[in-house]
Structure formats: structure tokens, C-alpha cells
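The values are calculated or read from the model by the stated rules, or taken from the named source; none is laboratory data. Values in this document were obtained by computation on a predicted structure and should not be read as measured data. Cβ coordinates were reconstructed from backbone atoms using ideal geometry, including for glycine residues, and neighbour counts include every protein chain displayed. Keep in mind that these areas ignore ligands, DNA and RNA; they rest on the heavy atoms of the full protein, side chains included. Shrake-Rupley method; radii C 1.70, N 1.55, O 1.52, S 1.80 Å.
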Amino acid sequence: MVTLLAATSCLATPFKVMTGRFALTHTPREVRDWFGYVEEPDFPPRANIAPSQPIAVVHADFSARHFTLMRWGFIPAFIKDTAGYPLLINIRSETVQEKPSFRNAFARRRCLVPADGFYQWQKQGRTKRPYLLRRPGGGLMALAAIWETWSGYDGSEIDTVGLLTTDASGTLAALGDRSPVLIEADAVALWLDPLTKPGEAAALLRPPAADRLELAPDAPDLGRGL
């Protein structure tokens, strides 16, 4: 097990902090118990979850929390044709309240993405090596996100989701300039509550504390990375 503090001295080249892959290998029962949604879904463990794939998302209405599979790649509702539209897997938290593409979703459709950890790549010569950043001891984490339902010309609908990012700070800043936003357990209810005002939710968009993450000693082969 390598902590971030120790790891920064041994990484030759800082890697770009961009949440482009993550893992969720806890059992469906463990995830349900942690997040408290009403459904009882059965889903396989995945150590390499990639953009455009269906991912587990936890959201809430006025009576309960829910589990839904959504496409990782946010599409604003007003987009008519997705041809050529970029795959928005990460959304900057600094501007999420201002940009028309995200403003309504942030006010009304905040959600969480369950994960064991997220991957970053370090450039080593002509290749990139993946590193898994996780909770100390390997516990679950809740990644802040927003979701939107996109409707096509043919009447089809797709639930889409994008992860929120913020400036990296502390030890993470030595690895790259961005970090996903982690919502701590005591703030989950506030974040998901549809009655929470956008300003109150925005106050939760902080970089994770250095002691809340560690580098796992090993990571699976994810190919060449992003």
C-alpha cells in the first residue's frame, strides 16, 4: 500500500488528473447498503469502467434514493443531434452553475457514482502506466455527478451522466491539476436532496483531503490509457 504523500517522491513524471476510468468491484449488496437506494440490482464487478459504458448512478426524488444505469457521457437536453458532439465525461465544478448546458441539471439532477477508486496515468517514456487512487483500506467512495435524460428525434431516451471535477490540492496537486469531487458519507443526503439549493450543493465541491486517498499497490492492465 502506497500513500499519496510517499508516492509523489517516487513518480518520475506527474500524470494528468482526469477521471477517464474507474472501478466498482464491491458486491451489489455492499453498494446498496452504503448508498441506501430502494432497488436491488444485480451487477457484475468491473475493474475497468470506461466512458460511454452504462454505469451505476444513485439519485433521489422526494421520497427515496434510486439506482439507475446511465451512459457515462453527459448530453444536455437541448442537443438535437449528437453527431460530432463531444463525449462529456468530466464537467468542471467551477462553472457547472453558470453554463446553460449544466445549470438545470446541477440544480435538479445531482447524483452520485459509486466507485472503489479512479485511475490516472503516468507517462513513462512512450507508454503510460495506470495508477488506482482509492480510499485507504479500499472502501467505497461517492463521486459527485449530474445527470440528464436526452431525447432523440425518434422518441428514444437515454439517461446520461457526467462526473464533476475540481482543482487538485495538497498532495494531489503534485500529480496533476484536476481531481474528481468526492462526497463524504455525512454529506450524501444533502447532495442528493432535490430541495438542497444549488449554492448549498456547490459548497460541497471541494478537493478531497490528502488523507482520504491512497495509491493502490497494483493496478490492472488497462491498455495504453487515455
Scanning segment 67-89 for residues that are over 18 Å from the mean Cα position of the chain (by Cα) and of a type in the set (Phe, Trp, Tyr), which turns out surrounded by the fewest Cβ atoms within 10 Å (Cβ to Cβ)? 78
In this structure, is residue 5 in contact with a helix residue (DSSP H, G or I) (Cβ under 9 Å, 6 or more places away or on another chain), part of a helix (DSSP H, G or I) and at pLDDT below 95? yes
Would segment 90-100 turn up any residue that is part of a strand (DSSP E or B), open to solvent by 70 Å² or more (accessible area, probe 1.4 Å) and at negative phi? yes
Looking at segment 17-34, can you tell me whether even one residue there is touching a helix residue (DSSP H, G or I) at 6+ places or on another chain (Cβ under 6 Å), closer than 17 Å to residue 133 by Cβ and at pLDDT below 90? no
